[in-house]
Every structure is written in C-alpha cells, then in structure tokens.
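Let me begin by presenting the structure, written as structure tokens, before commenting on it.
The values are calculated or read from the model by the stated rules, or taken from the named source; none is laboratory data. Just so it is clear, the model here is predicted, and its values are computed rather than measured. Positions of Cβ are generated from backbone atoms using ideal geometry, with glycine treated the same way; all protein chains shown enter the neighbour counts.
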Amino acid sequence: MTLSPLQRRAERKARNHQGLNMNLVALIDIFTILLFFLLSSATEMETLAIPRAVDLPKSLIDATPKPSLVVLVNAREIVVDGRTVARTPDVLSAGDAANPALQAALVTARAKFKQAGAAKGQPDTDPGVTIMGDKDIPYRLLRTVMSHCAQAEFSDVSFAVRTRLEKAGAT
C-alpha cells in the first residue's frame with residue numbers, strides 16, 4: 001500500500017506530534033513570588049510626594065506620620081491640600097496679620113477631613129496638619145502658618161522632614 005505525499009506527511013506529523021506540556025509548578029512559583037512582592041510593598045506608611053520647589057531638612061526620626069492635611073510652604077507660594085492659596089511674599093510682608101485666603105483654606109480642609117473621618121465611622125478623630133516647608137524659608141513665615149493652623153483648630157501640627165540613616169558613620 002503506497003501512500004500519497006500528503007498522507008505520509010500527515011502520518012509523520014501525527015507520529016511526531018507531542019501535546020503541549022505546561023509545567024504549572026513553575027507558573028505557581030512565579031505567581032507566588034509576585035504576590036509576595038506586591039503584599040510586602042503595600043505598607044501602611046504614607047509617602048508624601050516632595051515637589052522640587054521644596055528642600056526638606058533632614059531628621060533621624062523612625063516613627064511614621066499618620067495621615068494628615070499637607071500644607072506646602074516654599075519661597076513662592078503656600079499650598080493647602082494641593083491648591084495654591086497665598087503667595088509667600090504677600091504673607092511675609094503682612095507680618096502677623098491674618099491671611100483670609102489661607103485661613104479659609106485651612107478651615108475648609110479641616111471640615112473635609114472631619115467629614116471623611118465621619119464617613120469611615122471615626123467621627124471624633126481630630127485631623128492633623130503636616131507642614132512641608134523648605135529648609136531655607138524664614139521662621140516667621142512658619143510661625144505665621146502655624147498660627148493660622150491653630151486658629152483653624154488644628155491641634156496636631158507636624159513638620160515633614162527627610163529621613164537620614166546614620167550607620168557606621170555614614171550620613
């Protein structure tokens with residue numbers, strides 16, 4: 001019995017055909033490693049994005065900050081909750097006088113934080129404020145911003161700093 005070339009080819013293909021054998025153990029290992037990496041990198045620590053316009057001072061603190069309202073202060077502007085509310089030269093020239101735009105932004109942001117806490121079932125949480133100030137701004141500007149925070153009834157005022165690790169003399 002003679003086979004045509006097409007039949008011989010089909011027979012050879014059927015004889016040499018091997019099924020697709022996937023090694024599921026290797027895939028499970030890869031997914032386990034990926035899952036471990038994702039879980040270990042998702043921590044409770046809040047990381048603040050530091051704009052280029054702000055050069056933070058360094059600190060040796062180990063504690064992580066709790067979520068709070070961020071007030072950014074640099075040589076040009078004061079930003080509350082991501083919105084520019086005042087120009088720094090105007091606040092400096094006014095001295096200790098109240099800045100209505102800054103005060104209103106702080107009061108509004110505090111109310112928004114309290115409302116978000118109430119929605120999460122934490123109505124009595126007192127929101128804090130984190131001042132992210134450039135290390136070269138004058139202290140009187142920081143004092144003015146802290147004064148406005150106190151008038152807006154923020155009782156927990158913190159300063160954002162860069163962490164610096166000191167190990168075996170390295171800074």
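Within segment 94-136, if we keep just the residues that are surrounded by 17 or more Cβ atoms within 10 Å (Cβ to Cβ) and part of a loop (DSSP other than H, G, I, E, B), the residue that is modelled with the lowest pLDDT turns out to be Pro127.
Within segment 75-85, which residues are surrounded by 13 or more Cβ atoms within 10 Å (Cβ to Cβ) and more than 12 Å from Thr144 (Cα to Cα)? Break it down stepwise before answering.
Filtering segment 75-85 down to residues surrounded by 13 or more Cβ atoms within 10 Å (Cβ to Cβ) leaves 75, 77-81, 84-85.
Of everything in segment 75-85, those that are surrounded by 13 or more Cβ atoms within 10 Å (Cβ to Cβ) and more than 12 Å from Thr144 (Cα to Cα) turn out to be Ala75, Glu77, Val79, Val80, Asp81, Thr84, Val85.
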